[in-house]
Every structure is written in C-alpha cells, then in structure tokens.
1. So, of the residues in the stretch 334-358 that are in contact with a Lys or Arg (Cβ under 7 Å, 6 or more places away or on another chain) and among the small types (Gly, Ala, Ser), which turns out to be nearest to Val20 (Cα to Cα)?
2. Could you check Ala7 against (1) out of contact with any strand residue (DSSP E or B) (no Cβ under 8 Å at 6 or more places or on another chain); (2) among the hydrophobic types (A, V, I, L, M, F, W, C); (3) farther than 25 Å from Thr149 by Cβ and say which number it fails?
3. Can you tell me which of Leu329, Leu272, Leu288 is in contact with a helix residue (DSSP H, G or I) (Cβ under 7 Å, 6 or more places away or on another chain), free of Cβ contacts under 8 Å to residues at least 60 places away in the same chain and among the hydrophobic types (A, V, I, L, M, F, W, C)?
4. Kindly list the number of the only condition in (1) out of contact with any helix residue (DSSP H, G or I) (no Cβ under 6 Å at 6 or more places or on another chain); (2) closer than 22 Å to Leu376 by Cβ; (3) assigned to a loop (DSSP other than H, G, I, E, B); (4) not acidic (Asp, Glu) that fails for Pro110.
5. Only one of (1) without any contact (Cβ under 8 Å) to a residue 40 or more places away in the chain; (2) out of contact with any strand residue (DSSP E or B) (no Cβ under 8 Å at 6 or more places or on another chain) is not met by Ala59, so which one is it?
6. Cβ contacts < 8 Å: first residue charged (D, E, K, R), restricted to the stretch 344-355; second residue outside any helix (DSSP H, G or I), any location; separation 6+ or different chain. Result?
7. Determine whether the stretch 113-133 contains at least one residue that is among the hydroxyl-bearing types (Ser, Thr, Tyr), at pLDDT below 85, assigned by TED's automatic domain parsing to the domain that holds Pro23 and touching a Phe, Trp or Tyr at 6+ places or on another chain (Cβ under 8 Å).
Amino acid sequence: MSAEASAFERVLASREIVIVCGPGGVGKTTVAASAALMAGSQLGGRVLVLTVDPARRLATALGVGALGNQATRVPDEAFAAIGLEPRGELWAAMLDTKASWDDLVRAHAPDDEVRTAILDNPLYENITRRFVQSHDYIAMERLHELHATGDYDLIVVDTPPSRNAIDFLEAPRRMGDFFSSRLLRWLTVPYRSRIVTVASRPFYTVADRVLGSDFLRDIAEFFVLFQTMHKGFVERARAVERTVGDRRTTFVVVSTLESASVTEAEFFIEALAERKLHLGGLVLNRVLPEVLRQRGGATAARAMVKDAPDLARRLALPDTDPAALSAVLADVGESYLNFRVPATREAEMLAELSFSADATVQIPFFDDDVHDLDGLLRMGEALFRDRAG
C-alpha cells in the first residue's frame, strides 16, 4: 500500500467485508458499487459487490444485465470502455431470498423427506418471500456463506435503509432466539403429542373456525418440520454473528448533509458503537461546493443581482441583447444566493458531526445521476481523492 493512499483506500485494503449502510435515498447503492469498482481496479484481487437492497439499479450501473444469487463478473471490456485497466476482478450479485432459503434448507434438513416436506409447504413460500425478518436473516446468511468460500478478497455489501439495516444486524440473533422461543414451543408442543390437552382443544377449535380450517395445525406442522433443523440453524446464526463482529469486517455509513439524513446516520452510527462494530468510513454524498459558502462569493452575487443592467452594458458582448444579458446575470447571482442557504446549512451539519471514522469522505453534488460505469468511476475517484502524505 502506497504511503499516498487515501484513507478510504486503506479501509478497503485492510478489510475483507465492507458493509455499506445509511438512510434511504442517499446513494448507498452507487457508493457500494463505486467502492467495489475502485477496489477491483486499483487494489487488485477478486472483489464482489453484493446488493441486498430491493432497488435493482446496480446491474444497470455495472452493465452486466440481470443479477441474481450467482455472481457475474464485470468484463474487462467494460473497464476498457472507461479507460481503466483493472488490476483485479469485479464481480456483482443480488440476493435472491427464495433461492437462498432453499439452499439453506437443503443444507440443514435431516433427510430428503423433511427437506421435500418443507420446500413443498405453502407456508414456507409465504414466510420466505413476505416476512422482512426472513429477508434480513438470509442476507446475513448469504454474506457469511460467500465469505466462507474464500473466493473473494473483498466483499462490499449494499444494505437496506438504516433502520431496516439494524434488523439486518440483529437478524441472526433473532433467528437463533426464535428457534428456542416460547412462541414456537406453544405452536408445536400440542402437535408433538397424540394427545391435545382438554384445555387447549377448545382454543384450537375456535381458532380454526375464525382463521380457516386447520389453520393453526398447518402452521404447527410446518414449524415442527422447521425445528428439525434447529441445531444447524442456531449454530449457523451464531457463526453469522461472529462474521459481522469480526475484525475483518467494517461498516461504511453513507449520508447526505440534509437534517433528516444526518439524524438517521447518527442513529445507525450509535447502533454500531453499542454493538462494538467497527466504523471504517463516513461518506457524505451530494455535498454542495465550498465556493457557495464563501463570503466574497455572496458579495459578488448580490452585486450581480443589483447592478445587472450596468454590468451587461459594460460587458457589451457582440451579438447579445443587453437586456437578455442583464437577465442572465441577475438569474445567476440569484441562483448562487439561493444555493448558498443549503450550502451554509450543510457546513453547520458537518461541524456538528462528532463521530470518528477511519475515513471521512465528501462526494460532490454531480449534475447527472450515476447510472453507468463511467459515473461509478467518477464517484470512486472522489472516494479516493483525499491522498495522505
């Protein structure tokens, strides 16, 4: 690693898993993809960017078509098109919740009969597709699985919005707790015995009348099958927890300097600190130019607005209507002053941030949305811009 490497570059080079989190709508997906692009092109090795965000923008930006559980390599030709000769490889994948759950069941079911019974159960599909906690857990499970293969030198993970990302962090523990919970025992104990107690029989009878024929029995039978995988699931959940807390794993929090986004980012950073998880980076995205906060600029802008007609006459540009030029000058000055208000507010927000990360990076506000590799490269260069030395 060069002595001139940026702080963010050192974060990527020193870890095996980088989990990118933050509020919704702040550019987490593009930051994750940009970080992975820069790691693959500048640092070398095999780099994977894994998105667990339901928004399917990553594949479009990387130019690899549809993404799924199986990683797809970004071809060298794509790098060449933006003037890069990568030192390593960049791969991309998107979490397929159903396929990942199927793989997990196949791995932990005690035999073929139980495996088939679970996969064919209609409740299984509803639970794995619709329950948020199911998505959160399997995302962490998939991350652990990919890391355990040793196929990648670095995995960059794009997560859901920050408060959901807390569920993402806690999902392994919650899944392990669920398999030992009173609720699960309450659902399954009556069906583990041939004798349903006199006290419980009326309740189940009424419940079936209200909820549908044999509704609770179907649920209980499903969880009885699921409990056959109890040991494997709990052990796996604990292993996933250890992966997240491992020193090889770090978190990068992305935010804009808008008040609501900063509040969300602070909430998540505090959650990381409470769990003693490493904060590798704080990325502030779409930051307005510093020139907007300069006092001299404001003075000049006010003069442009006030003296626009006189300035237009002095400029006397050929083939230009002085009245039109005056209107343009006034609009430019007014626009500068309008942007100065949020820029000043951003500066105040920045000064109030008291969290210490290994790398704090400001990415400028781009005129165009990042929607392709060229845009990802532009953002990636901003991530790596703050060179030391």
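1. This residue is Ala347.
2. Unmet for Ala7, out of (1) out of contact with any strand residue (DSSP E or B) (no Cβ under 8 Å at 6 or more places or on another chain); (2) among the hydrophobic types (A, V, I, L, M, F, W, C); (3) farther than 25 Å from Thr149 by Cβ: (1).
3. Result: Leu329 is the single residue among Leu329, Leu272, Leu288 that is in contact with a helix residue (DSSP H, G or I) (Cβ under 7 Å, 6 or more places away or on another chain), free of Cβ contacts under 8 Å to residues at least 60 places away in the same chain and among the hydrophobic types (A, V, I, L, M, F, W, C).
4. (2)
5. Only one criterion is unmet by Ala59, namely (2).
6. Arg345/Leu257; Glu346/Leu257; Glu346/Val287; Glu346/Leu288
7. Yes, the conditions are met somewhere in the stretch 113-133.
The values are calculated or read from the model by the stated rules, or taken from the named source; none is laboratory data. These numbers were taken from a predicted model, which means no experiment stands behind them. Don't worry about glycine lacking a Cβ; one is built from the backbone with ideal geometry, like all the others, and counts go over all protein chains shown.
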